[in-house]
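The values are calculated or read from the model by the stated rules, or taken from the named source; none is laboratory data. Please read these numbers as outputs of a predicted model, since none were measured by experiment. No Cβ is skipped: glycine too gets one built from the backbone with ideal geometry, and neighbour counts run over all protein chains shown.
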Amino acid sequence: MAKKNKPPHLSNRDRSILEFVGRYRAATPDLLQRSCFRRRDSDANVRRVLARLVKHRLLAEHGVGTSAKYYTPTRRGLSETSFPSRTPRKLTEQTLPELLAVAEYCTAKKFRKFTPTEFALLFPELWWSGSRSSVYIPRRVAGKLHLQLLLIDRGGADRRITSRVRRVIAQRSRLPKFRVFIRSGRFEIVVLTGLVNQQTRIDRQLHRNSFGAVSVSTALMPSLGNSLTLER
C-alpha cells in the first residue's frame, strides 16, 4: 500500500508564506517577497521557495510569466496554518483584483486584516451574518482600538461610493457596541480604487459630504486598475 506523501519540513518563513496566502486568499510574488522575505533575498531565491511549496501542493500557482503569476492556498497548505483546512473557493475575474488590492494595502501599511472567523470570535458584539464579507483591520491609536473598514471601488458613478459609505455606517449603527465605536471616532472607512482620475472624483464627492465622527478616505491600489477599466 503506497504511503501518503508527507509535507516537507517547513521553516518559519514557509509558514509565514502559507499564513499570508491563507489570510488574503491570493498573493503575487512581489507581495510575498515584501511581507515574508528579507530585503537581501534575491528574486531567484523567492521563486525557488515558492516553486518548492507549489511542488509539495502547499500552494497553487496561477498565471503565465513572472509578472502575471499569483498564488492561492490549497487544502493541504491550509492544514499547516491556523486557518480551517478546507478546499478554497475559486476566484473570479472580479474577486482576484479585489483580494490583491486588500493584500497590497495591508502590506504597504504593515496592517493585518481580520478573517471573518477571527472578527466574529473576537468581537461577537460587532458581528452579524451580513458582515461576513467585510474587510476589517484593527489599529491602535493612543492606546485605543480603532477599526478600519475597506471598501472596494467597483467603478460606476463616483457618487455611489457616498451611498455605500452611508449604508455601511447605518448598518453598523444598529448595533449598540458598534455605535460606541462610531460616535467615539474609532471607526474609519478607506475606499480602495485603482485609477487616479477615479480617486480624484471620489475624493471630491467625499469632501462634499459629512459622515459625522467617521473618517472616510481613499487609497490608490494599481492592482484594481484593469478591473475598473473593464467595468466601464
(request) Mind telling me which of the residues Val54, Val21 ends up being crowded, with 18+ Cβ neighbours inside 10 Å, aliphatic (A, V, I, L, M) and outside the structural domain of Leu151 (by TED's automatic domain parsing)? (result) Val21
(request) Please give the helices (runs of 4 or more DSSP H) falling wholly within region 123-211 in which 3 or more residues are farther than 22 Å from Tyr24 by Cβ and either among the hydroxyl-bearing types (Ser, Thr, Tyr) or touching a strand residue (DSSP E or B) at 6+ places or on another chain (Cβ under 7 Å) (or both). (result) 159-173, 196-207
(request) Mind listing whichever residues of region 191-219 are of a type in the set (A, V, I, L, M, F, W, C) and crowded, with 18+ Cβ neighbours inside 10 Å? (result) Val191, Leu192, Leu195, Ile202, Leu206, Val214, Val216
(request) Filter region 58-88 for residues that are assigned to a loop (DSSP other than H, G, I, E, B), without any contact (Cβ under 8 Å) to a residue 40 or more places away in the chain and either among the charged types (D, E, K, R) or under 14 Å from Ala26 (Cβ atoms) (or both) and give the result. (result) Gly63, Thr74, Arg86
(request) Go through region 30-45 and give me each residue that's among the aliphatic types (A, V, I, L, M) and surrounded by 18 or more Cβ atoms within 10 Å (Cβ to Cβ). (result) Leu31, Leu32
(message) So, in region 91-113, how many residues would count as being over 30 Å from His9 (Cβ atoms) and of a type outside the set (S, T, N, Q)?
(response) 11
(message) Condition first: of a type in the set (Gly, Ala, Ser), in a helix (DSSP H, G or I) and under 13 Å from the mean Cα position of the chain (by Cα). Now tell me which residues in region 13-34 satisfy that.
(response) Gly22
(request) Inspect region 154-166 for any residue being small (Gly, Ala, Ser), within 13 Å of Val216 (Cβ to Cβ) and surrounded by fewer than 20 Cβ atoms within 10 Å (Cβ to Cβ) and give the result as yes or no. (result) yes
